[in-house]
Amino acid sequence: MSVNWTGDEELHHFYEVLETIGNGGFAKVKLGRHRLTGEKVAIKIMDKKQLGEDLPRVKLEIEAMKNLSHQHVCRMYQVIETTAKICLVLEYCSGGELFDYIIAKECLTEMETRVFFRQIISALAYVHSRGYAHRDLKPENLLIDDNHNLKLIDFGLCGKPKGGMQCRLNTCCGSPAYAAPEVILGKSYIGSSADVWSLGVVLYALLCGYLPFDDENCMALYKLIEMMQVEPQDRLTVSELLDHPWVTKDFNIPVEWHSKQQMGNIDADCITEMSIALKRSRETTTQLVKETLRFSEDDDSTGSLELISDNDSCTCRTHG
Ligand SMILES: COc1cc(O)cc(Nc2ccc(C(=O)Nc3ccc4c(c3)C[NH2+]CC4)cc2)c1
């Protein structure tokens, strides 16, 4: 059974839409709660008129998010589109932005920085392996989840070179304070190298609690940070960072960057547990989940489901 919802009806049928938790440019992010599972979500609401010529970027991000499923990348659960709006239903990260966390703590210890930095490298190595450059890496685009782990968000500026990650990109984008010199200078650039420069600025911000400013002392410092070499070919690569001595210190193992989340079909055991928890038949539960997640037989969705039961409420998360 499929229902012809209007976008607003669909959004409010499946989700309670609560307070605003983030604002940025042409988008507002509101806290939402799934009416069936009780799970909190973040709903990024964009007005198509305000998007204007940026609308294709949103479609690019949605396409990217369909191909990304990783323990340190914020999940996109659902897209709800109306004539006037596009809503992305996203993973809710209760700890908020890493940016606010750094401000609140002034700066982080070397150990806490290393734990976070390993998670950021893990996410970046995975995103690059899927053929995408993020191009807007900064503490505002790293969220802290319920388990105090980082999740990379906002793929609205990501680039996917047609010929693969060795091919150059041309669009000058991202935040100036984190953008690589070659991007700032309007040159064509390798996306993964530009992301590594941003990674260097993020590391500086984590350890110092403020951004490097462009004075001669900082330029001298840049030369010490191997990720912030002005010439891209002199810069460390993500794969060199995975087992860099500073990154592996105290861990003694390289960063595990492969996804721990299977991209597959709906897990039968999950349906069984959900149907018991929800006191519904397996068939009804499967239909509800498919309807909620807009799965269909002919769809190429590769999402899989994981049941997280917590104090009798059951939460169903998708992967992929
Ligand atoms: C792929 O993930 C994306 C993609 C995208 O384009 C945008 C987002 N944006 C999000 C922004 C914020 C949150 C979020 O959970 N924010 C949040 C959560 C808790 C708190 C705050 C913000 C701020 N006050 C403290 C508590 C989630 C997604 C993701």
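The values are calculated or read from the model by the stated rules, or taken from the named source; none is laboratory data. Since the model is a prediction, treat every value here as computed from it, not as a measurement. Glycine also receives a Cβ, built like all others from the backbone with ideal geometry; neighbour counts cover every protein chain displayed. Areas reflect the complete protein model, heavy atoms only, side chains present, ligands, DNA and RNA absent. Shrake-Rupley method; radii C 1.70, N 1.55, O 1.52, S 1.80 Å.
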- Provide the solvent-accessible area of residue 146, counting protein heavy atoms only and rolling a 1.4 Å probe, rounded to the nearest 10 Å². 100 Å²
- Message: Run the numbers for residue 63 and residue 111: contour at 0.36 nm per residue of separation, minus the present Cα-Cα distance, in nm.
- Response: 13.7 nm
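Taking 0.36 nm per residue of sequence separation and subtracting the Cα-Cα distance, how much length would be gained by fully extending the chain between residue 188 and residue 49, in nm to one decimal? Before the final figure, lay out each step's value.
Working: separation 139, 0.36 × 139 = 50.04 nm, distance 3.07 nm.
Fully extending the segment from residue 188 to residue 49 adds 47.0 nm.
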- Message: Using a 1.4 Å probe on the protein heavy atoms only, what accessible surface does residue 13 show? Give it in Å² to the nearest 10.
- Response: 90 Å²
- Distance (nanometres) between label positions extended 7 Å along Cα→Cβ at residue 103 and residue 177: 1.0 nm
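Sorting 107, 270 by accessible area (1.4 Å probe), largest first, what list results? Present the calculation step by step, with values, prior to reporting the outcome.
On the way: 107 55, 270 5 Å².
Order by accessible area, largest first: 107, 270.
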- Item | DSSP-assigned coil residues among GluC sites (Glu not before Pro) in segment 84-147, each with at most 14 further Cβ atoms within 10 Å | 106
- Item | Set of lysines with alpha-carbon distance to residue 48 below 18 Å, sequence-local pairs under 8 removed | 28, 30, 59, 85
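Let me confirm the definition first: pairs of Lys residues in segment 126-193, 8 or more apart or on different chains, C-alpha distance under 20 Å. How many are there?
4
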- What ranking of 113, 82, 284 comes out by heavy-atom accessible area, probe 1.4 Å, highest first? 284, 82, 113
